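Written below as structure tokens is the structure these notes are about.
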Amino acid sequence: MLNDKKFSIKNLDLFYGKTHALKDVNLDIYEKEITAFIGPSGCGKSTLLKSLNRMNDLISECRIEGVIKVDDIDIYDEKIDVNNLRKKVGMVFQQPSPFAMSIYDNIAYGPRIHGIKNKKELDEIVEASLKSAAVWEELKDKLNTSAQSLSGGQQQRLCIARALAVNPEVILMDEPTSALDPISTAKIEALCLKLKGKYTIIMVTHNMQQANRISDRTAFLLNGEVVEYDDTRKIFDRPEDIRTRNYITGRFG
């Protein structure tokens, strides 16, 4: 794994009011890899993920100390355009969340927001995004039907296509398969492995087998701290911290 650094997180502390949710987090995340965040419920995985494109700005009383850089640019600098940051660092949520509009308009929504109005150009973006998300063949004859009529697995791949439509560099995924059946989960995992050739993927997952199957690096979080972060093979086969070993062998969590 020789990829360049995409994110650099230094001395990150995050508070919700008086609750200290993330404690002195230090991580480098590398481009065109899949990085997994694992750990028990409430350990800070999703909080850390959402801090990478400032989704936590939407939560009142959230306060951040420390530095998060993407491509060596401090994302919490007051000059940063948060909309452009979220274009570059897209997000896919736990529950599939298609907008209440057609499949076509779901995909075209982001490009339109960013100024693309030409129908031919939008057609090309919709097709390319659905192809990249491995769902074009299933949906190409249904583009004008409601996105909310699709199965859960199709909806989630549609949401990935929607994220891809604005040409991001990073895709954040917050437990993207936890609401899906095993067949749909396998399709999303295969898609992630394909997409990492072009995108940096950071995934929160409760499914340790999933992290082991598809991630290049894994961070184990506990009580808001990063206990251990390393090559996934090493984390699962030769963890250095007894807490990591106890978690991945099912002794708690």
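The values are calculated or read from the model by the stated rules, or taken from the named source; none is laboratory data. Please read all numbers here as calculations on a predicted model, not as lab measurements. So basically every Cβ, Gly included, is an ideal-geometry build from the backbone, and we count neighbours across all protein chains shown.
Please verify whether the range 33-45 includes one or more residues that are in contact with a Leu (Cβ under 9 Å, 6 or more places away or on another chain), of a type in the set (D, E, K, R) and either loosely packed, with under 12 Cβ neighbours inside 10 Å or within 29 Å of Arg213 (Cα to Cα) (or both).
Yes: the range 33-45 contains one or more residues that are in contact with a Leu (Cβ under 9 Å, 6 or more places away or on another chain), of a type in the set (D, E, K, R) and either loosely packed, with under 12 Cβ neighbours inside 10 Å or within 29 Å of Arg213 (Cα to Cα) (or both).
Looking only at the range 94-128, which residues are surrounded by 18 or more Cβ atoms within 10 Å (Cβ to Cβ) and of a type in the set (Phe, Trp, Tyr)?
Tyr104, the sole residue that qualifies.
From Ala100, Ala134, Ala108, which residue is in contact (Cβ under 8 Å) with a residue 24 or more places away in the chain, among the small types (Gly, Ala, Ser) and part of a helix (DSSP H, G or I)?
Result of the check over Ala100, Ala134, Ala108: Ala108.
Search the range 155-207 for residues being charged (D, E, K, R) and in a loop (DSSP other than H, G, I, E, B), and hand back the single one that is farthest from the chain's Cα centre (by Cα).
Asp181
Going by the structure shown, is Ala108 modelled with pLDDT of 95 or more, closer than 18 Å to Pro168 by Cα and small (Gly, Ala, Ser)?
It is true that Ala108 is modelled with pLDDT of 95 or more, closer than 18 Å to Pro168 by Cα and small (Gly, Ala, Ser).
Checking the condition surrounded by fewer than 22 Cβ atoms within 10 Å (Cβ to Cβ), closer than 20 Å to Ile38 by Cβ and touching a residue at least 40 places away in the same chain (Cβ under 8 Å), which residue from Leu193, Leu150, Leu143, Leu172 passes?
Within the list Leu193, Leu150, Leu143, Leu172, the selection yields Leu193.
Within the range 181-188, is even one residue in contact with a helix residue (DSSP H, G or I) (Cβ under 8 Å, 6 or more places away or on another chain), surrounded by 22 or more Cβ atoms within 10 Å (Cβ to Cβ), farther than 21 Å from Val126 by Cα and of a type in the set (Val, Ile, Thr)?
no
For the range 208-234, name all the residues that are without any contact (Cβ under 8 Å) to a residue 24 or more places away in the chain and either in a helix (DSSP H, G or I) or touching a Pro at 6+ places or on another chain (Cβ under 7 Å) (or both).
Gln209, Glu228, Arg233, Lys234 - these are the residues of the range 208-234 that are without any contact (Cβ under 8 Å) to a residue 24 or more places away in the chain and either in a helix (DSSP H, G or I) or touching a Pro at 6+ places or on another chain (Cβ under 7 Å) (or both).
Could you figure out which of (1) surrounded by 15 or more Cβ atoms within 10 Å (Cβ to Cβ); (2) in contact with a helix residue (DSSP H, G or I) (Cβ under 7 Å, 6 or more places away or on another chain); (3) among the small types (Gly, Ala, Ser) isn't true of Ala163?
(2)
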